[in-house]
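These notes concern the structure reproduced below.
The values are calculated or read from the model by the stated rules, or taken from the named source; none is laboratory data. Keep in mind that what you see is a predicted model, and the values were worked out from it rather than measured. When we count neighbours, we look across all protein chains shown, and the Cβ atoms used for this are built from the backbone with ideal geometry, even at glycine. What goes into the accessible areas is simple: the full protein's heavy atoms, side chains included, and nothing from ligands, DNA or RNA. Shrake-Rupley method; radii C 1.70, N 1.55, O 1.52, S 1.80 Å.
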Amino acid sequence: MFARPALAETPIYRLVLENHVFSPSKLRIPPNTKVKIIIENKDETAEEFDSFDLNRERVIFAQREASIFIGPLPIGRYEFFGEYHPNSARGYVIVEEESL
Amino acid sequence: MNRICLLISLFLAFTFGMITKVSADGMVVDKVYHPYVTANEREFEWRFMSSQTDEFNLLTQRFGYGHAFWETVALEFYAIGTRNEQNDFELSGYEIETRWMMTQQGQYWADWGWVLELEKQDAKDNYEASLGLLFEKELGRTSLTLNLFAIREWGESIESEWESEFRLQYRYRYLPEIQPSIEIYAGEDFIGIGPGFMGVYRIEGQKQIKWDAGFITEIAHSGKNHTFRFAIEYEF
């Protein structure tokens, strides 16, 4: 997804939830860097972003945005899913050098 | 890491400073609180604590219902049962608890929260109010959680006094179902350490079962003093 400069130099990334599907399903971020992910829920129902790998849990109300902070993380693949629709709302945060 | 050591030292200094001024009259081993609230969360909780010394066994159970009414604030109500001197298990009190998530997880160097508890004994006008500062720091796949409580007791049949308690949990997030930890408790002339574990099993949607247990051995005095604590929560 698109990274852009943010306050306090925390890179910001965006995830969109629509029809209970996260887009992009693979979010690439740099290693050893704290980042902010803004999740926009375009659906008519709430969803809960959940990830044991990332140690994060956050409710995103319908038609609203919520943000989470993750990292600094080592290179790797971190799974996340929507707790209310775990079959369709799934994805990965990919931590890799190329995303710098 | 230096900041973490300093923080633990400050928490312990506060706790031991207070310990010298109080007498032992309660159970120090209890739940280690995490400074997080999940919006819309509702739960039923059963908490069990059994403390065995050379002379007696103290058993306490709590049955609670909790609800996150706001994005960062949750309320929980408990009925408390204890086993009395005649070995009868009876309803002994009620408690209301509120947790406040002060910072968003991961936004700052560490995560902070508060917990405020007010407990009333069932048959007497005895009260206990506790204010706890909650701290959690993520260190790779491990998490360090610290709780520092200032406690005030007063009522018709107990001496009014201030107390303090300190709880530490260092947890390895191995699998959702299995997260082993080391726990330390201090307060009321008690210092205990022991293993713990917690876990979560997802059923469907927001429905999940969480468990949390620990076996704590007192190390400040000679003689037997073991406490087993166990809690299970059904979230929906």
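Mind checking which pairs have a first residue in region A:27-41 that is within 13 Å of chain B (Cβ to nearest Cβ) and a second that is buried (at least 22 other Cβ atoms within 10 Å of the Cβ) and acidic (Asp, Glu), Cβ under 7 Å, 6 or more apart or different chains?
What qualifies is A:ASN41/A:GLU47.
Working carefully through the options B:ARG173, B:ARG229, find the one that is modelled with pLDDT of 95 or more and more than 14 Å from chain A (Cβ to nearest Cβ).
Exactly one of B:ARG173, B:ARG229 is modelled with pLDDT of 95 or more and more than 14 Å from chain A (Cβ to nearest Cβ), namely B:ARG229.
Across region A:80-97, which residue is surrounded by the fewest Cβ atoms within 10 Å (Cβ to Cβ) among those that are among the hydroxyl-bearing types (Ser, Thr, Tyr) and assigned to a loop (DSSP other than H, G, I, E, B)?
A:SER88
What are the pairs, 6+ residues apart or on separate chains, where a residue within region A:65-85 that is within 8 Å of chain B (Cβ to nearest Cβ) has its Cβ under 6 Å from a residue that is open to solvent by 50 Å² or more (accessible area, probe 1.4 Å) and in a loop (DSSP other than H, G, I, E, B)?
Correct list of pairs: A:PHE69/B:GLN107; A:GLY71/A:LYS34.
Kindly indicate the residue of region A:44-61 that is out of contact with any strand residue (DSSP E or B) (no Cβ under 6 Å at 6 or more places or on another chain) and more than 9 Å from every other protein chain (Cβ to nearest Cβ) and also farthest from B:TRP109 (Cα to Cα) among those meeting that condition.
Restricting to residues being out of contact with any strand residue (DSSP E or B) (no Cβ under 6 Å at 6 or more places or on another chain) and more than 9 Å from every other protein chain (Cβ to nearest Cβ), the top hit is A:GLU44.
If A:VAL35 meets every condition in (1) open to solvent by less than 10 Å² (accessible area, probe 1.4 Å); (2) under 18 Å from B:GLN206 (Cα atoms); (3) of a type in the set (Val, Ile, Thr) apart from one, which number is that one?
(2)
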